[in-house]
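The values are calculated or read from the model by the stated rules, or taken from the named source; none is laboratory data. From a predicted model like this one, the values you see are computed outputs, not experimental measurements. Neighbour counts are summed over all protein chains in view; Cβ atoms, including those assigned to glycine, are modelled from backbone coordinates with ideal geometry.
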């Protein structure tokens with residue numbers, strides 16, 4: 001599993017890891033919900049300034065929001081490059097409440113990085129920068 005998390009290093013373009021924990025700062029936040037009519041469009045971006053940490057030794061992703069988010073990575077789901085040249089790695093996780101979902105780390109061709117957190121009923125996305 002540690003090799004899978006180490007792959008995150010290569011996916012986020014701005015990341016160079018010399019420590020066991022990689023620190024990021026979120027800059028924007030987007031949400032969407034799964035309603036009886038299907039998925040809503042992504043919300044307009046909201047400013048965000050949260051600490052996001054990837055713990056390579058323990059396979060955790062932590063986001064220090066108002067309600068702290070802790071995701072235990074349980075496996076790799078997929079990795080691919082989009083037609084636009086974006087690199088994506090998807091992982092399965094269990095959160096602190098026992099809910100399951102996926103985390104996608106995306107490194108855009110133009111240099112931006114995002115993390116998507118997906119549950120069956122809600123998704124959110126953070127734009128992130130390396131600290």
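Of the residues making up segment 35-50, those that are assigned to a loop (DSSP other than H, G, I, E, B) and out of contact with any strand residue (DSSP E or B) (no Cβ under 6 Å at 6 or more places or on another chain) number 5. Look at (1) on the phi > 0 side of the Ramachandran plot; (2) modelled with pLDDT of 95 or more and you find that residue 30 fails only one, number (1).
Here 94, 117 are screened, and the one residue that is more than 11 Å from the chain's Cα centre (by Cα), modelled with pLDDT of 95 or more and assigned to a strand (DSSP E or B) is 94. Among the residues of segment 34-50, those identified as touching a residue at least 60 places away in the same chain (Cβ under 8 Å) and within 17 Å of the chain's Cα centre (by Cα) are 42, 45, 48, 50. Among the residues here, residue 49 does not qualify as modelled with pLDDT of 95 or more and more than 24 Å from residue 109 (Cα to Cα). Yes or no: segment 74-86 includes at least one residue that is outside any loop (DSSP other than H, G, I, E, B), without any contact (Cβ under 8 Å) to a residue 12 or more places away in the chain and over 15 Å from residue 30 (Cα atoms). Yes; the residues of segment 74-86 include at least one that is outside any loop (DSSP other than H, G, I, E, B), without any contact (Cβ under 8 Å) to a residue 12 or more places away in the chain and over 15 Å from residue 30 (Cα atoms).
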